[in-house]
Every structure is written in structure tokens, then in C-alpha cells.
Amino acid sequence: PGIGQTLMWALLEERKKEPFKSFEDIASRTKLQNPKKVVTARIIQELQGDVKRWLFVRPPPQEEEKTRPR
């Protein structure tokens with residue numbers, strides 16, 4: 001499975017404490033199995049805009065932000 005809500009919050013909380021140094025670090029601090037595969041798949045989903053919450057990629061600007069004069 002991918003990154004569900006419980007794992008998402010675990011990732012965010014651990015990242016607040018200290019940035020992750022490696023995929024092994026992610027695995028040991030969050031109990032995520034095969035983090036390289038799961039994180040890579042999640043990044044691809046985020047780049048495609050196929051998520052509700054953004055963990056690794058900045059969300060695209062909202063439509064009104066794109067058209068709003070600066």
C-alpha cells in the first residue's frame with residue numbers, strides 16, 4: 001500500500017524532529033517498509049496532482065492565484 005493518513009502524520013512528525021538522511025532513516029523512524037519504492041510512487045502521484053495532501057512536492061498554485069494580478 002501507499003502512504004495512508006497514519007503514516008503521513010508519522011512522516012511529518014519525524015521530519016519536524018530532524019530531516020531524514022536516507023531511505024534507511026525513514027524506514028527506521030517510521031516503520032515504513034521499502035521506503036524507496038513507496039516514497040518514489042508518492043512523489044509521482046503528487047507530480048501528477050493525484051493527491052489530497054502534499055508531502056514531498058509543492059502543490060501547484062490554485063487557479064485564482066494564477067489569474068490574480070500581482
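Some points to look at:
- Counted residues, segment 11-21 - those being among the hydrophobic types (A, V, I, L, M, F, W, C) and more than 11 Å from the chain's Cα centre (by Cα): 1
- Scanning segment 22-49 for residues that are more than 12 Å from the chain's Cα centre (by Cα) and hydroxyl-bearing (Ser, Thr, Tyr), we see that the one that is surrounded by the fewest Cβ atoms within 10 Å (Cβ to Cβ) is Ser22.
- Among the conditions (1) surrounded by fewer than 17 Cβ atoms within 10 Å (Cβ to Cβ); (2) in contact (Cβ under 8 Å) with a residue 24 or more places away in the chain; (3) of a type in the set (A, V, I, L, M, F, W, C), the only one that Trp9 does not satisfy is (2).
- Pro69 being modelled with pLDDT under 85, more than 13 Å from the chain's Cα centre (by Cα), loosely packed, with under 11 Cβ neighbours inside 10 Å and not in a helix (DSSP H, G or I): yes
- Tally, over segment 1-60, of residues that are part of a loop (DSSP other than H, G, I, E, B) and β-branched (Val, Ile, Thr): 3
The values are calculated or read from the model by the stated rules, or taken from the named source; none is laboratory data. From a predicted model like this one, the values you see are computed outputs, not experimental measurements. Glycine gets a Cβ as well: all are built from the backbone with ideal geometry, and neighbour counts include every protein chain shown.
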